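Asker: This structure is in structure tokens; I'll ask about it shortly.
The values are calculated or read from the model by the stated rules, or taken from the named source; none is laboratory data. This structure is a prediction, so every number in the text was calculated from the model and none was measured. FYI the Cβ positions are ideal-geometry reconstructions off the backbone, even for glycines, and counts take in every protein chain you see. Areas reflect the complete protein model, heavy atoms only, side chains present, ligands, DNA and RNA absent. Shrake-Rupley method; radii C 1.70, N 1.55, O 1.52, S 1.80 Å.
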Amino acid sequence: MSYKNIETKCIQSGYEPKNGEPRVIPIVQSTTFKYETSEAMGALFDLEAAGFFYTRLANPTLDAVEKKIADLEGGVGAMLTSSGQAATLSVVTNICKAGDHVICSSAVYGGTFNLFAKTLVDLGIDCTFVAADVTEEELNNSFKENTKLVFTESVTNPSLDVADVEMFAKCAHAHGVPLCVDNTFPTPINFRPIEWGADIVVHSTSKYMDGHAVALGGVVVDSGNFDWTNGKFPMLSTPDETYHGVVYTEQFGKAAFITKARTHIMRDMGPQMSPMNGFLLNLGLETLFLRIPRHCENAMKVAEFLESNDKIEWVNYPSLKSSKYYDRVQKYMPNGTCGVVSFGVKGGRKAAEKLMASLKLAAIVTHVADARTCCLHPASSTHRQMTDEQLEAAGISPSMIRFSVGIENAEDIIADLKQAIDNV
Ligand SMILES: *Cc1c(COP(=O)(O)O)cnc(C)c1O
């Protein structure tokens, strides 16, 4: 069944129990699956029949949740992973090898930045970083002969830059390479990158999708729109000898990328999500469309309160009129961006630390984007491995506080902030 509206997709998509089957997606806590004959199992190994044989590759619980997320983002298929980091790594390794080059926004999440700046470089995959608000000309000039992928976040964590996704897609396609967008912060409720030309979407499902900070996870979604037969991606368009010479683009058509991600990358590297985490993620997805608007409404109230407070030096929230991204937000995500607001308190790093320590409702945690209000000082935590220049390129100042507004009553969140600011 397919549904028109995203609210219904959140609740219904991905799982259709037959007569007498459990109404709720069951947790299939089994690594392995039984077959009557070796031939029946052999057909699965040859990718000739669909089915389950080992949870590292696929599992019924995860399969249902993957179908739901693919539907939410408007893709042809999805693959869950053990974390958001594993999702991004799976995308890159699925189409890049030593000697290749990728282009990445410098304002991406700290872990992603390190992955591109160091770990992948050590593996021979080079990266050029571009500013989050890069111009079309600058972006076009960053491509090389061996460029295989462009990567950005739709709304960056934590600097809250909003990417011009349509322009990124246009440049990537002009050079025959796909665009991958990390859509963790807006979620498909507020923004669907595929509708603006993105070819692959990734999420850290550990954030809003789960929404309760209980299950680490990630997901890769394939739009099915990219033409992998343009000569740059032989791993998809020529025989794969490790799978009896299958040519992914011929056998799987629009689902070539996501099929290879599973049969090759998941098979060999194994960053699979656990069925239990898949079940928990699905509970989060069922209320995503209720939570996200509330996060945004509360964040707007918090941002406006901060903007009106004398002790606050600056406030960054892309939905604010004062944001340099206001017009872009109206174009791409008019219903809201995310629940995260960042700000700087007058008095620099010391004042920021004092303010954080005075908060009572808002907890200091590394996490972001769940139902409970929480906050973080990136310069001394998530981004502490970065040099001052890298911090600046990522749009992070030493006094910056990342404030993840939860779905409590906004009045209580603001009262907590107010007493903490008064304490500085
Ligand atoms: C948290 C985060 C990640 C990494 O995800 P994990 O689930 O922690 O591995 C990647 N991208 C963004 C935007 C994030 O916020």
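Asker: Which number do you get for Rg(Cα) / (2.2 N^0.38 Å) in the chain?
Answerer: This ratio for the chain stands at 0.99.
Asker: If you take every DSSP beta bridge whose two residues both sit in the chain, what share of them, in percent to the nearest 5, is antiparallel? Kindly include the intermediate steps, with their values, before the conclusion.
Answerer: Values: 25 of 43 bridges.
Once the DSSP bridges in the chain are tallied, antiparallel ones form about 60 percent.
Asker: Using unit Cβ charges (K, R positive; D, E negative) and no other charged atoms, how large, in debye to the nearest 20, is the dipole of the chain about its Cα centre?
Answerer: On the way: 37 positive and 50 negative charges, 169 e Å.
Using Cβ point charges on Lys, Arg, Asp and Glu, the chain gives about 820 debye.
Asker: Taking the chain as a Gaussian network, where each spring joins two C-alpha atoms under 10 Å apart, which residue of E241, E153, E307 fluctuates the most?
Answerer: Looking only at E241, E153, E307, the biggest GNM fluctuation is shown by E241.
Asker: What whole-number value in Å² describes the accessible area per residue of the stretch 15-284 for a 1.4 Å probe? Display every interim value, and only then the final one.
Answerer: On the way: 10180 Å² over 270 residues.
Here the per-residue accessible area is 38 Å².
Asker: Right, something else. Ignoring ligands and nucleic acids, what accessible area does Y15 show with a 1.4 Å probe (Å², nearest 10)?
Answerer: Estimated to the nearest 10 Å², Y15 gives 40 Å².
Asker: Using a 1.4 Å probe on the protein heavy atoms, what percent of the accessible area of the chain belongs to carbon and sulfur? Intermediate values should be presented prior to the final figure.
Answerer: On the way: 9080 of 17360 Å².
About 52 percent, which is the carbon plus sulfur part of the accessible surface.
Asker: Using a 1.4 Å probe, what is the accessible area per residue for the stretch 290-422, in Å²? Provide the component values of the computation, followed by the final result.
Answerer: Details: 5950 Å² over 133 residues.
Spelled out: the 1.4 Å probe surface of the stretch 290-422, per residue, equals 45 Å².
Asker: State the antiparallel share, in %, of DSSP beta bridges confined to the stretch 118-240, rounding to the nearest 5. Intermediate values should be presented prior to the final figure.
Answerer: Values: 6 of 13 bridges.
Antiparallel: roughly 45 percent of the beta bridges in the stretch 118-240.
Asker: Can you figure out the FRET efficiency of M167 with E145, using R₀ = 22 Å and their beta-carbon distance, to the nearest 0.05? If you can, show how the numbers build up before the last one.
Answerer: Details: r = 22 Å, r/R0 = 1.01.
The computed FRET efficiency comes out at 0.50.
Asker: Right, another one. Of all trypsin sites (Lys or Arg not before Pro) in the stretch 43-122, which ones are in loop regions per DSSP and have a Cβ with at most 16 other Cβ atoms within 10 Å? Can you show the working numbers first?
Answerer: On the way: sites: R56, K67, K68, K97, K118; in loops: R56, K97.
Of the trypsin sites (Lys or Arg not before Pro), the ones in loops of the stretch 43-122 whose Cβ has at most 16 other Cβ atoms within 10 Å are R56, K97.
Asker: While we're here: Can you give the FRET efficiency for I364 and Y326, using 1/(1 + (r/R0)^6), R0 = 35 Å, r = Cβ-Cβ distance, to the nearest 0.05?
Answerer: Working: r = 30 Å, r/R0 = 0.85.
My answer for the efficiency is 0.75.
Asker: Given H placed on each backbone N at 1.01 Å, which residues far from Y3 in sequence or on other chains put an amide H within less than 5 Å of it?
Answerer: none
Asker: Let me ask something else. Relative to the longest principal axis of the chain, what angle (0 to 90°, nearest 10) does the C-alpha long axis of helix 410-422 take?
Answerer: For helix 410-422, the angle is close to 50 degrees.
Asker: Exceeding 30 Å between C-alpha atoms, which entries from my cross-link table qualify? They are K34/K260; K170/K324; K148/K321; K9/K144; K68/K301; K207/K331. All intermediate terms of the calculation are to be shown ahead of the outcome.
Answerer: Values: K34/K260 24 Å; K170/K324 22 Å; K148/K321 37 Å; K9/K144 40 Å; K68/K301 32 Å; K207/K331 24 Å.
Violating the 30 Å Cα-Cα cut-off are K148/K321; K9/K144; K68/K301.
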